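Below is one structure; the comments refer to it alone.
The values are calculated or read from the model by the stated rules, or taken from the named source; none is laboratory data. Since the model is a prediction, treat every value here as computed from it, not as a measurement. Positions of Cβ are generated from backbone atoms using ideal geometry, with glycine treated the same way; all protein chains shown enter the neighbour counts.
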Amino acid sequence: MNRIAIWTVVILGGLFALFMLTAPTAEEAAKNNAPSVDNGGIGNTSLFDSDSVDLDSKPKLFIGDPDAPVTLVEYGDFKCPSCNSFHHQAGQRIREEYVDTGKINIEFRNYPFIGPDSGRAARGAYCANSQGAFTAYHDAVYNDIWDSNYVRGDYSVEYSDIYSVDKILEVTGGLVDDPAALRTCIESTGQDGHIDTDIALARQDGVSGTPGFVIDGRPLNGPSNFSTFKVLLDAQLR
């Protein structure tokens, strides 16, 4: 081996050793890739703090019969255009063919990352659930931004703070028995621990964005078409 080749090997070896010493661990890499968009401090403050996970107190946000034999877990952000596309396309067929017939339920988990109003809408989901109106709330918020913007391909509002508490009450206040209590609940931080738990569960489930799904413990990332869900759900129902 000539002198140039020897020095090349030495230099490359040194660079590799330096990389190994300075490269982030898997945990650090996950933290670096965590959502960093301002969501008003809701849902990401303790994303990597296992102490924030409280499965015992966290209500489950079910669409359909909670006792259905199969559960499809859905992670979503109420501002997410892809989540909204799922809701109006594959999601509607899943509801008609599997949820409405009692074959499965959908457990919705919040993954707010787009903006401050993502966090408010996530709070509202738990607040509406406490009045027995989660499904109606879920559909109303998704339908509002879809009908007003996304159905026309207008995504300009995605990163605008459009869902103030007043706006959420305008869209959903008529769906609950006590709109004043819904407002107070959204304005408080009482639901934030549940949202932290949702996001921590997403990390645990291998879900890295929205929409994300878990079927039989297996993550499915992205707004897949109905046929993909059908194959996976039918396999669980056999």
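Okay, residues lined up against (1) within 23 Å of ASP161 (Cβ to Cβ); (2) out of contact with any Leu (no Cβ under 8 Å at 6 or more places or on another chain); (3) not aromatic (Phe, Trp, Tyr):
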site: SER57; (1), (2), (3): no, yes, yes
site: LYS60; (1), (2), (3): no, yes, yes
site: ILE63; (1), (2), (3): no, yes, yes
site: VAL70; (1), (2), (3): no, no, yes
site: ASP77; (1), (2), (3): yes, yes, yes
site: ASN84; (1), (2), (3): yes, yes, yes
site: HIS87; (1), (2), (3): yes, yes, yes
Practice prompt. Check the range 76-87 and report whether any residue there is part of a helix (DSSP H, G or I), in contact with a Phe, Trp or Tyr (Cβ under 6 Å, 6 or more places away or on another chain) and either without any contact (Cβ under 8 Å) to a residue 60 or more places away in the chain or surrounded by fewer than 24 Cβ atoms within 10 Å (Cβ to Cβ) (or both).
Written response: yes
Fill in: Filter result for THR101 (out of contact with any helix residue (DSSP H, G or I) (no Cβ under 8 Å at 6 or more places or on another chain), buried (at least 17 other Cβ atoms within 10 Å of the Cβ), among the hydroxyl-bearing types (Ser, Thr, Tyr) and at negative phi)
no
Worksheet item: Given SER208, SER156, which one is under 18 Å from the mean Cα position of the chain (by Cα) and modelled with pLDDT under 95?
Response: SER208
Discussion item. Which pairs turn up if I take residues in the range 191-214 that are in the same structural domain as ARG123 (by TED's automatic domain parsing) and look for partners that are of a type in the set (S, T, N, Q) and crowded, with 21+ Cβ neighbours inside 10 Å with beta carbon separation below 6 Å, at least 6 apart in sequence or on another chain?
Written reply: ILE195/ASN110; ASP198/ASN110
Worksheet item: Given the conditions (1) closer than 15 Å to ALA200 by Cβ; (2) part of a helix (DSSP H, G or I); (3) modelled with pLDDT of 95 or more, and given that ASP51 satisfies all but one, which numbered condition is not satisfied?
Response: (3)
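So which of ASP161, ASP198 ends up being modelled with pLDDT of 95 or more and closer than 18 Å to VAL141 by Cα?
On inspection, the qualifying residue turns out to be ASP161.
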Item to complete: Tally the residues that are crowded, with 17+ Cβ neighbours inside 10 Å and assigned to a loop (DSSP other than H, G, I, E, B), restricting the search to the range 210-238.
Response: 3
Response to the item:
Okay, helices (runs of 4 or more DSSP H) sitting entirely in the range 93-176 with 3 or more residues that are without any contact (Cβ under 8 Å) to a residue 40 or more places away in the chain, I get 134-148, 165-172
